[in-house]
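The structure appears right after this line, and notes come after that.
The values are calculated or read from the model by the stated rules, or taken from the named source; none is laboratory data. Note that the coordinates shown come from a computational prediction; the quantities given were computed from them, not determined experimentally. Cβ placement follows ideal geometry from the backbone for every residue including glycine, while neighbour counts extend to all protein chains displayed. In case anyone asks, the SASA skips ligands and DNA or RNA and just uses the protein heavy atoms, side chains included. Shrake-Rupley method; radii C 1.70, N 1.55, O 1.52, S 1.80 Å.
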Amino acid sequence: MRARKKPVEVEVMQLLDSNAPIVANWCKGLLLKRDDNAEPSIQIMTLEGVMTARLRDYIIRGVHGEFYPCAPAIFEKTYEVIEE
């Protein structure tokens, strides 16, 4: 037997220096930034527990409203951006 994953549209935001507070608010995460020179990261409560999104990671809202981080390389292999 073979199967293909059904196409599903999800909301996604990429964590950048310029939008870190907005992304943290959107995904209800905890923004961590130790000082002005540190890269931001966001701790996100996922279905698997707390995960950390790092700079340039994508944060995805799944089909049931859950959030999870995704590394850029995995995102680019798995997803196709349909709308900016």
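Would you mind telling me the share, in percent, of accessible area of the chain contributed by carbon and sulfur at probe 1.4 angstrom? Don't skip to the end; give the middle numbers.
Values: 3430 of 6740 Å².
C and S fraction of accessible area: 51 percent.
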Give the long-range amide H neighbours of D57: residues separated by 5 or more places, or on another chain, with amide H under 5 Å away, using H modelled in the peptide plane at 1.01 Å from N.
L15
Could you pull out every one of the aspartates and glutamates with an alpha carbon less than 14 Å from that of K33, ignoring same-chain neighbours closer than 8 positions?
D17
The ³J(HN,Hα) series, computed from each phi in region 50-60 with the Karplus coefficients 6.51, -1.76 and 1.60 at θ = phi - 60°, rounded to the nearest Hz and given as x for glycine or proline, is 7, 10, 10, 9, 9, 3, 6, 5, 9, 10, 10
About the Cα centre of the chain, what is the dipole size in debye to 20, counting +1 per Lys and Arg Cβ and -1 per Asp and Glu Cβ, all else neutral?
440 debye
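What's the FRET efficiency of R4 with A73 using the Cβ-Cβ distance as r and R₀ = 22 Å, to the nearest 0.05? Write down the numbers at each step before the final one.
Values: r = 22 Å, r/R0 = 1.00.
Working from the Cβ atoms, E equals 0.50.
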³J(HN,Hα) computed for each position of region 3-19 - Karplus, 6.51 cos²θ - 1.76 cosθ + 1.60, integer Hz, glycine/proline x
9, 10, 5, 5, x, 9, 8, 10, 8, 8, 9, 9, 7, 10, 4, 6, 10
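Kirkwood Rh over Cα pairs of region 1-82 into Stokes-Einstein at 37 °C, 0.692 mPa s: D in µm²/s?
244 µm²/s
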Rounded to the nearest whole Å², what accessible area per residue is found for region 1-70 with the 1.4 Å probe?
76 Å²
